[in-house]
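Derivation of every value follows stated rules applied to the coordinates shown; laboratory data play no part. Worth saying up front: this structure is predicted, and the values here are computed from it rather than measured. Cβ placement follows ideal geometry from the backbone for every residue including glycine, while neighbour counts extend to all protein chains displayed.
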Amino acid sequence: MEFFLDTADVDEIREIASWGILDGVTTNPSLIKKSGRDFKTVVAEIASICDGPISAEVTALDTQGMVDQGRALKKELPENVIIKIPCTPEGLAATKILNSEGINTNVTLVFSAAQALMAAKAGATYVSPFIGRVDDTGSDGMTLIAEIMSTWENYDIKTKVLAASIRHPTHVLACMQLGAHTVTMPTKTFRQLMKHPLTDKGLEGFLKDWAEVEAAGNA
Ligand code: G3P
């Protein structure tokens, strides 16, 4: 399974990348706004921190506009940047064209298994179902992931399922159990995945005892 960060905060990305297990980063216009920085500058910096796929989102609504933006981003930004495209009919057409040119894509704002399958048929490299936002509507986001994964089992689909809009570690664990290929999560969730009070307590006890071993001259 791939672990991505869902942020445009380069300090946070640097910190998590230093753990050695960061596989990629996703951004979107809202995360770029939150960073307060220039879009291309910040994406290029992220791409220099993490070798994995870095999603940069197009903002045009028409197919030609999306294709033009995607091609321009690929030209101006580092090799590992991939193009994030909304799951609309125009977005599907743009995905198909960019895929035929060897440009990797991430089809975003996916809220149904049917949308995910359509994006896969268009040749998307990744499809991004939004779990948390489905939960917000009173439905179950994990059911969406389960439906997509069971659909994937019926066909030889190369597109990776990238679970997005992750809100807590339980979302990540459930995605792992369902076999989602990738999860993208906020920094807070990444940290929570590594945190356990018994690890902290156990380490404290070992260090205390080791200090006594040293004091006794037995180290
Ligand atoms: O990258 C898009 C997605 O992860 C958004 O998450 O928390 O805004 O629903 P959220």
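About its Cα centre, how strong a charge dipole does region 23-74 have in debye, to the nearest 20, once Lys and Arg get +1 and Asp and Glu get -1 at the Cβ? All intermediate terms of the calculation are to be shown ahead of the outcome.
Values: 6 positive and 7 negative charges, 32 e Å.
Rounded to the nearest 20 debye, it is 160 debye.
Dividing the alpha-carbon Rg of region 82-132 by 2.2 N^0.38 Å yields what? Show your work: numbers first, answer last.
Values: Rg = 9.6 Å, N = 51, 2.2 N^0.38 = 9.8 Å.
Output field value: 0.98.
In degrees, nearest 10, range 0 to 90: what is the angle between the Cα axis of helix 197-215 and the longest Cα principal axis of the chain?
With rounding to tens, the tilt is 40 degrees.
Could you give me D for the chain, from Stokes-Einstein at 20 °C and 1.002 mPa s, where the hydrodynamic radius is the Kirkwood radius over C-alpha pairs? Units µm² s⁻¹, please. Provide the component values of the computation, followed by the final result.
Details: Rh = 18.5 Å.
Rounded to a whole number, D works out at 116 µm²/s.
If Lys and Arg each add +1 and Asp and Glu each add -1, what is the summed charge of the other residues whose beta carbon sits under 12 Å from the beta carbon of Glu12?
Here the charged neighbours net out to 0.
For region 89-219, what is the number of Lys pairs with C-alpha distance below 16 angstrom, counting only pairs 8 or more positions apart or on separate chains?
5
Net charge near Ser100: determine it from the other residues with C-beta under 14 Å of the C-beta of Ser100, scoring Lys and Arg +1 and Asp and Glu -1. Kindly include the intermediate steps, with their values, before the conclusion.
Details: positive: Arg71, Lys74, Lys96, Lys121; negative: Glu101.
Result for the neighbourhood of Ser100: +3.
How far, in degrees from 0 to 90, does helix 89-100 lean away from the longest principal axis of the Cα atoms of the chain, to the nearest 10?
It is inclined by approximately 80 degrees.
P(r) for region 89-181, please, calculated from all Cα pair distances in 10 Å bins and given in %.
18, 51, 27, 5
Over the chain, with a Gaussian network built from C-alpha contacts below 10 Å, which listed residue (Phe206, Phe111, Phe39) shows the highest mean-square fluctuation?
Checking each option, the largest mean-square fluctuation is seen for Phe206.
Which of Gln64, Gln192, Gln115 moves the most in a Gaussian network model of the chain with Cα springs under 10 Å?
In this elastic network of the chain, the residue with the biggest mean-square fluctuation among Gln64, Gln192, Gln115 is Gln192.
To the nearest 500 deg cm²/dmol, what mean residue ellipticity at 222 nm is calculated for the chain from DSSP H runs of n ≥ 4 alone, each contributing -39,500 (n - 2.57), summed and divided by the residues? Intermediate values should be presented prior to the final figure.
Details: 11 runs with 117 residues, N = 219.
Computed mean residue ellipticity for the chain: -16000 deg cm²/dmol.
As I understand it, the value is the acute angle between the Cα axis of helix 141-153 and the longest principal axis of the Cα atoms of the chain; what does it come to in degrees, rounded to 10?
With rounding to tens, the tilt is 70 degrees.
State the Cα centre-to-centre distance between region 149-207 and region 1-56 in whole Å.
Answer, in whole Å: 18.
Length gain on complete extension for the stretch Ala114 to Asp140, per 0.36 nm per residue less the alpha carbon to alpha carbon distance?
On the way: separation 26, 0.36 × 26 = 9.36 nm, distance 1.62 nm.
Gain on stretching Ala114 to Asp140: 7.7 nm.
Using the Cα atoms of region 1-59 to build a convex hull, what is its mean projected area in square nanometres? Let's see the in-between values first.
Values: hull surface 15.2 nm².
If you wrap the Cα atoms of region 1-59 in a convex hull and average its projections, you get 3.8 nm².
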